[in-house]
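Before any comments, here is the structure.
The values are calculated or read from the model by the stated rules, or taken from the named source; none is laboratory data. Computed from a predicted structure; not experimentally measured. So basically every Cβ, Gly included, is an ideal-geometry build from the backbone, and we count neighbours across all protein chains shown.
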Amino acid sequence: MQMLIAVVNDPDKIDEILSGFLELGITGATVLSSEGMGRVLSHDIPIFAGLQTLLTGSRPQNRTLFSVVTDEKLEPAFALLQDVCGDLDDPATGIAFSLPVTKVVGLAPELGESAGPA
């Protein structure tokens, strides 16, 4: 199992990502509104106001998506993120990464999988 974490700079793309996840059989994700460090510093701390010039193309709000996925669905999920968001190596698109999950409690089965022993 893997924890997929993606910060998507364009909030309008979240619906398409979640629909794509369903098509991949990924049935659970948490989406939070988020804000990048540069934007927070440039707005909340006057000494960093010059950072505003570095934020061209960035949006005031991002969406951060968390989803625990099987190892088999991780690469298709990354491919979907790249298809929907564009090349994540380009500025102001987002970032995605995964972390290994060693234990999960309360995770519903994904589409096409059984719930396990009752």
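In the condition set (1) touching a Cys at 6+ places or on another chain (Cβ under 8 Å); (2) at pLDDT 95 or above, Asp10 is compliant with all but (2).
Of all residues in the stretch 81-98, those that are of a type in the set (D, E, K, R) have Cβ atoms under 7 Å from Cβ atoms of residues that are at pLDDT below 90, 6 or more apart or on another chain, in Asp87/Thr93.
Scanning the stretch 76-110 for residues that are touching a Gly at 6+ places or on another chain (Cβ under 7 Å), over 21 Å from Gln61 (Cα atoms) and not hydrophobic (A, V, I, L, M, F, W, C) turns up just one, Glu110.
Which members of the stretch 58-75 meet the condition of being without any contact (Cβ under 8 Å) to a residue 60 or more places away in the chain, under 14 Å from the mean Cα position of the chain (by Cα) and closer than 21 Å to Gly28 by Cβ? Quick ask: steps written out before the conclusion?
First pass over the stretch 58-75, keeping only residues without any contact (Cβ under 8 Å) to a residue 60 or more places away in the chain: 58-64, 72-73, 75.
Filter once more, keeping what is under 14 Å from the mean Cα position of the chain (by Cα): 61-64, 75.
Within the stretch 58-75, Asn62, Arg63, Thr64, Glu75 qualify.
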